[in-house]
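One structure is given below, encoded as structure tokens.
What follows is calculated from the coordinates using simple rules that are stated; it is not laboratory data. The structure presented is a predicted model; accordingly, all values stated were derived computationally and were not measured. Cβ coordinates were reconstructed from backbone atoms using ideal geometry, including for glycine residues, and neighbour counts include every protein chain displayed.
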């Protein structure tokens, strides 16, 4: 049984981590063919549920495109097949060479792949040049689907995702629209309700932002995490929009955050940790004003903020 305290110390890879993974994979495994696949945890594969069918359908497929939608990593394969991997809480994709030793996959050479967090290999694809794509997942929460294009387009979880925050077409005006309640009844206010921290993390509002980057965005914008969205005027919304763009781009530039399980596909840590201002810095001094960072709970999740810079 999982310890709640342990889970609270972990976080799910967000947009910068997933985007970093996509960039690496596109440089290493694009146009390669999948020659074989192994798993010791078939429950990770949600569709098709039978691993024998999964293996038969994915063998010899060529990886034609790798991209991201929200926190999902998507592989367009030959013959109209699509492989979707959601890394969930402790999963991360790795690229390298492994050998099977007493039932465990071990990297052929010493290096980042040998770090403990990278050794929980539960899914492994062997490519036509001998290179391997592995999924290390301590808790085995990851989700893997192999579907047709038609099935992919009808996946409910993907259809309900909000827009991509770094898309060139996602202007401030479109961002502002995301805070309107489209389902409001006639005569009711059209503003979305809820605390800004929770709304930013709602994947149906905006895709890809989670616990860590929502804290960092709100610190940058000087907005309290419990601020009700209906109280946000154009000025505050614009601050959040600009902070969102800045923080997510910085996260990608620094190749993500690795204080928990996430690692880049070569097994190396990302560099965002040195830039992190508030998330998991309770009791430390705010780098902007010197006040002590505080931590509260909202919607079952933690929120870190500066009580002086981010007054409610």
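Where only DSSP H runs of four or more residues are counted, the chain gives -7000 deg cm²/dmol as its mean residue ellipticity at 222 nm, each run worth -39500 (n - 2.57).
Cβ crowding within 10 Å, taken as a proxy for footprinting-reagent exposure, orders 101, 128 from fewest neighbours to most as 101, 128. To the nearest ten degrees, helix 211-221 and the longest principal axis of the Cα atoms of the chain are 40 degrees apart.
Taking a ≥ b ≥ c as the square roots of the Cα gyration tensor eigenvalues, the stretch 4-159 comes out rounded, since a/c falls below 1.5. Gyration tensor analysis over the Cα atoms of the chain returns equivalent ellipsoid semi-axes of 36, 23, 16 Å (largest first, whole Å). When the chain is treated as a Gaussian network with alpha carbon springs shorter than 10 Å, the biggest mean-square fluctuation among 293, 99, 34 belongs to 99. When you count the other C-beta atoms within 10 angstrom of each residue and take the mean per peptide, 54-66, 147-159, 209-221 line up highest first as 209-221, 54-66, 147-159. Measuring between their Cα centroids, the stretch 262-295 and the stretch 189-248 lie 19 Å from each other. Can you work out the base-10 log of I(q)/I(0) for the stretch 152-282 at q = 0.19 1/Å, using the Debye formula on its C-alpha atoms alone? Taking Cα atoms of the stretch 152-282 as identical point scatterers yields -1.14.
Shape call for the stretch 86-149 from the C-alpha gyration tensor, a ≥ b ≥ c root eigenvalues: rounded (a/c under 1.5), prolate (a/b greater than b/c) or oblate? Here the stretch 86-149 falls in the oblate category.
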